[in-house]
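Worksheet: the structure to be examined is printed underneath.
The values are calculated or read from the model by the stated rules, or taken from the named source; none is laboratory data. This structure is a prediction, so every number in the text was calculated from the model and none was measured. Here the Cβ positions follow ideal geometry from the backbone for every residue, glycine too, while neighbour counts run over all protein chains shown. Areas reflect the complete protein model, heavy atoms only, side chains present, ligands, DNA and RNA absent. Shrake-Rupley method; radii C 1.70, N 1.55, O 1.52, S 1.80 Å.
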Amino acid sequence: MTDHLSQTARPPMALTIAGSEATGGAGAQADLKTFQELGSFGIIALTCIVSFDPKDSWNHRFVPVEPQVIADQIEAVFGDYDADALDTVKLGMMGSPATISTVGQAIRERRPRHVVLDPVLICKGQEPGHALDTDNALKTELLPQATFVTPNHFETEQLSGMAVRSLEDLTAAAQEIHRISGAAVLAKGGVRLEGPEAVDVFVGEDGTEVLRAPKIGEHAVSGAGCSLAAAVAAKLSQGATPLEAARRAKEFVTAGIRQRVAGGTPFDALWQGGLRRSGASA
Ligand code: PXL
């Protein structure tokens, strides 16, 4: 459109390439809500559809989107907005090596300024064994293209090849992932490390910083990882430094966990409106 509306300033934009999680707790839904809450224009290219199964202990039913359809979505998005308008991409759940190679190629061709990789290997409730076939593909195809990576406890161990049992371990592993990838790293201890605080470690060009917040319960909350990486992406799309984006993202997620939503699944869901409701702004 070329009417007067197109003259108004364009909002910062962020694309998530991620899966749908139907209950709205995690995945592309969490990303889009986070982008909107934090003031960026959100866009989705869908990689897969996950439907938890209430008849089967909430196990994941997983349907991949055809590689060509993933490539088509990305083509549509970058056809619509050039790299100046859309310089931030978040990568969420891929689910298979075929998807990783399609997305890897699309990102290599477009080279967005910020590539925030949430290296999703397994979701809440899944066995770690499911992850191993995507592990190598993530490491070889996506990690080298990431400018910012947000591994959880398990993913930090996988990507660094190190055991993580303490804050010192988490810091060393985050530094190792930074060394391997060149990306800024926000490694999440979350509720997995002992102690009263949920501790994450940032390692990047702007240094190493431990981010702390009081633990809210002892159980992981659905959507926390997706929302954290999406909040980082939103802030980077608005010109924040990686460290600044990490700090704001941690506040956003902590407030969202405080305002979590309970349902029938064994895990609650983070609410992206939490920070807004608390009256603060990220
Ligand atoms: O929280 C990780 C995650 C990411 N993306 C999708 C998911 C999940 C976990 O359930 O379903 C689509």
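In the chain, the DSSP-assigned H stretches of four residues or longer account for a calculated mean residue ellipticity at 222 nm of -11500 deg cm²/dmol, using -39500 (n - 2.57) per stretch and the full residue count as denominator.
Shape verdict for the stretch 129-212, please, from the Cα gyration tensor: rounded (a/c under 1.5), prolate (a/b greater than b/c) or oblate.
Here the stretch 129-212 falls in the oblate category.
Taking only C-alpha pairs under 8 Å that are 6+ residues apart, what is the relative contact order of the chain in percent?
17 percent
Can you give the local net charge around Gly24? Use residues other than it whose beta-carbon is closer than 13 angstrom to its beta-carbon, Lys and Arg +1, Asp and Glu -1. Taking every Cβ under 13 Å from that of Gly24, the sum is -1.
Placing +1 on the Cβ of every Lys and Arg and -1 on the Cβ of every Asp and Glu, with no other charges, gives the chain a dipole of roughly 660 debye about its Cα centre. Between the listed residues Phe41, Val77, Asn136, the Cα displaced farthest toward the positive end of the dipole of the stretch 10-275, a dipole computed from Cβ unit charges relative to the Cα centre, is found at Phe41. Looking at the stretch 88-211 alone, DSSP beta bridges between its own residues are antiparallel in about 55 percent of cases. Based on protein heavy atoms only, the stretch 10-275 ends up with 42 Å² per residue of surface accessible to a 1.4 Å probe. Roughly how big is the stretch 24-66's charge dipole about its Cα centre, with Cβ charges of +1 (Lys, Arg) and -1 (Asp, Glu), in debye to the nearest 20? So the magnitude is around 80 debye. If I model the stretch 10-275 as equal point scatterers sitting on the Cα atoms and use the Debye formula, what is log10 I(q)/I(0) at q = 0.12, 0.13, 0.15 Å⁻¹? Values returned for q = 0.12, 0.13, 0.15 Å⁻¹ are -0.64, -0.76, -1.05.
Once neighbouring chains are kept in place and the probe is 1.4 Å, which whole percent of the accessible area of the chain is contributed by carbon and sulfur?
Carbon and sulfur together cover 51 percent of it.
The packing ranking, built from the mean of other Cβ atoms within 10 Å per residue, places the peptides 162-174, 204-216 in the order 162-174, 204-216, highest first.
Seen from Thr150, the other residues with C-beta closer than 10 Å to its C-beta sum to a net charge of -1, counting Lys and Arg as +1 and Asp and Glu as -1.
From most to least packed by mean Cβ count within 10 Å, the peptides 241-249, 109-117 give 241-249, 109-117. Exceedance of the 29 Å cut-off in Cα-Cα distance is limited, within the set Lys55/Lys90; Lys33/Lys215; Lys55/Lys235; Lys139/Lys250, to Lys55/Lys90; Lys55/Lys235. Near Ala45, the amide H atoms lying under 5 Å from its own belong to Thr16, Ile17, Ala18; only residues 5 or more places off or on other chains count, and H is placed 1.01 Å from N.
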